[in-house]
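Chemist: Below is one structure. I have some questions about it.
The values are calculated or read from the model by the stated rules, or taken from the named source; none is laboratory data. This structure is a prediction, so every number in the text was calculated from the model and none was measured. Don't worry about glycine lacking a Cβ; one is built from the backbone with ideal geometry, like all the others, and counts go over all protein chains shown.
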Amino acid sequence: MPKEYIDLDAAILAAASAVGKKETEGPLGDLFDLCDDTDRFGAKTWEEAESEMQRMAFNTVLAKAELRDTDIGALFAGDLLNQCVGSAYGLLAFDIPYFGLYGACSTCAESLMLASTFVSNGIFDRCAAVTSSHYCSAERQYRTPIEYGGQRPPTAQWTVTGSGAFLVRKAQKGEKHAVVRRAMPGIVRERGVNDANNMGAAMAPAAEDTLVRFFRATDTRPCDYDLIVTGDLGYEGGTILCELMRADGFPLGDIYTDCGQLIYRRKEQDVHGGGSGCGCSAVVLASYLLPKLLRGDLSRILFLSTGAMMSPDSIKQGQNIPAVAHLLEITGGIS
């Protein structure tokens with residue numbers, strides 16, 4: 001059988017995050033690079049606001065790395081909108097080969113995995129991974145416009161208004177960067193969930209599948225890592241995942257958390273099931289997890305972005321919700 005995981009050696013040169021008002025009011029609010037209390041980022045529509053948020057996040061990561069767009073070999077980007085227009089319009093001004101991705105909320109790990117694969121194998125010197133989501137554009141596409149005032153059930157999650165941008169290059173000896181060491185591509189799974197207001201339950205089996213395959217393929221266990229973090233199962237999906245992993249013989253215990261649980265104050269901010277959206281895991285990784293790896297607070301983590309691969313039409317037609325989870329093993333310290 002072919003090896004299921006991918007060996008990589010990609011240093012994360014820089015990361016940047018841009019968020020909206022609700023995200024700055026959460027427990028990680030002081031860690032983000034950019035914020036806009038209006039959620040509009042100077043744009044007329046919510047979709048344009050998401051594109052502008054991506055543009056700002058990518059400009060910021062370039063500035064952090066002291067690079068120009070012409071220094072980047074390829075750009076991997078995606079979002080939740082039809083035809084990934086948030087990314088296409090947001091990154092239109094940059095003179096970089098563009099790979100548009102749709103992994104739903106798994107896009108952060110998917111884009112980083114592909115960017116890391118390209119630089120690890122010498123195809124490009126540097127690559128970028130960018131993704132975003134916006135509460136108002138996502139609600140309009142998948143459920144109802146916010147003006148409608150529809151009620152949200154307890155399992156519903158709050159789509160993060162946020163964009164994360166990352167630059168990667170093949171790791172070099174002696175440099176202090178977080179490094180993507182291994183990756184496990186996800187397999188699309190579907191376990192009979194068709195409730196668009198319970199994404200956590202739909203995505204948890206995909207996260208279980210990826211984690212179990214990774215542990216078995218690498219002969220590792222949860223205790224071999226400082227932290228295992230999913231994004232974004234929220235509270236409902238996180239609980240389900242822990243139960244599934246315990247039944248599989250890989251209990252996650254206290255080293256497990258979820259980006260959708262970290263980004264908001266659940267009760268005070270009325271987010272019900274926690275955070276979600278492409279931007280959820282992206283901004284948490286960029287602003288919270290990577291700095292911990294660089295400081296030495298963490299040395300080895302598993303980062304999984306989970307995505308529900310549905311569309312507005314599939315939900316209206318009563319189809320079940322398939323999901324996917326892509327995994328990255330990231331280490332800190334000196335390359």
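Residues checked against (1) assigned to a loop (DSSP other than H, G, I, E, B); (2) farther than 16 Å from V283 by Cα:
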| site | (1), (2) |
| --- | --- |
| A156 | yes, yes |
| G164 | no, no |
| Q172 | yes, yes |
| V180 | no, yes |
| A183 | no, yes |
| I187 | yes, yes |
| G192 | yes, yes |
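Chemist: For residues that are closer than 17 Å to I330 by Cβ, of a type in the set (V, I, T) and in contact with a helix residue (DSSP H, G or I) (Cβ under 7 Å, 6 or more places away or on another chain), scanning just the stretch 203-257, find the one that is surrounded by the most Cβ atoms within 10 Å (Cβ to Cβ).
Modeler: T230
Chemist: Would you mention how many residues in the stretch 227-255 are out of contact with any Pro (no Cβ under 9 Å at 6 or more places or on another chain), in contact (Cβ under 8 Å) with a residue 40 or more places away in the chain and closer than 19 Å to S299 by Cβ? Break it down stepwise before answering.
Modeler: Taking the stretch 227-255 first, the residues out of contact with any Pro (no Cβ under 9 Å at 6 or more places or on another chain) are 227, 229-235, 237-239, 243, 246-249, 254.
Pick out the ones that are also in contact (Cβ under 8 Å) with a residue 40 or more places away in the chain and you get 227, 229-234, 237, 248.
Checking the rest, the ones that are also closer than 19 Å to S299 by Cβ come to 227, 229.
So the answer is 2.
Chemist: To continue, here is another question. Would you point out the residue of the stretch 294-310, among those that are of a type in the set (G, A, S) and outside any strand (DSSP E or B), that is surrounded by the fewest Cβ atoms within 10 Å (Cβ to Cβ)?
Modeler: Applying the first criterion (of a type in the set (G, A, S)) to the stretch 294-310 yields 296, 299, 305, 307-308.
After this cut, where a residue has to be outside any strand (DSSP E or B) as well, the list is 296, 299.
Details: G296: 10, S299: 14.
By that ranking, first place goes to G296.
Chemist: Then there is this: Can you name every residue in the stretch 71-83 that is modelled with pLDDT of 95 or more and either of a type in the set (D, E, K, R) or not in a strand (DSSP E or B) (or both)?
Modeler: Just the residues of the stretch 71-83 that are modelled with pLDDT of 95 or more, to begin with: 71-79.
The answer is D71, I72, G73, D79.
Chemist: Going by the structure shown, is T210 outside any loop (DSSP other than H, G, I, E, B) and touching a Ser or Thr at 6+ places or on another chain (Cβ under 7 Å)?
Modeler: Working: outside any loop (DSSP other than H, G, I, E, B): yes; touching a Ser or Thr at 6+ places or on another chain (Cβ under 7 Å): no.
For T210, the condition - outside any loop (DSSP other than H, G, I, E, B) and touching a Ser or Thr at 6+ places or on another chain (Cβ under 7 Å) - is not met.
Chemist: Would you please list the contacts, defined by Cβ atoms under 7 Å and residues six or more apart or on different chains, that run from a residue in the stretch 18-40 that is in a helix (DSSP H, G or I) to a residue that is of a type in the set (G, A, S)?
Modeler: E23/G29; E23/G162; L31/S287
Conditions (1) outside any loop (DSSP other than H, G, I, E, B); (2) under 19 Å from D30 (Cβ atoms); (3) out of contact with any Asp or Glu (no Cβ under 6 Å at 6 or more places or on another chain); (4) not charged (D, E, K, R), marked per residue:
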{"site": "R246", "(1), (2), (3), (4)": "yes, no, yes, no"}
{"site": "P251", "(1), (2), (3), (4)": "no, no, yes, yes"}
{"site": "D254", "(1), (2), (3), (4)": "yes, no, yes, no"}
{"site": "Y264", "(1), (2), (3), (4)": "no, yes, yes, yes"}
{"site": "K267", "(1), (2), (3), (4)": "no, no, yes, no"}
{"site": "D270", "(1), (2), (3), (4)": "no, no, yes, no"}
{"site": "V283", "(1), (2), (3), (4)": "yes, yes, yes, yes"}
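Chemist: Next question, about the same structure. Scanning the stretch 311-334 for residues that are β-branched (V, I, T), surrounded by fewer than 24 Cβ atoms within 10 Å (Cβ to Cβ) and farther than 20 Å from G237 by Cβ, which turns out nearest to the chain's Cα centre (by Cα)?
Modeler: The qualifying residue nearest to the chain's Cα centre (by Cα) is T331.
Chemist: Right, next: For the stretch 315-324, does any single residue satisfy the condition of being at pLDDT below 95 and part of a helix (DSSP H, G or I)?
Modeler: yes
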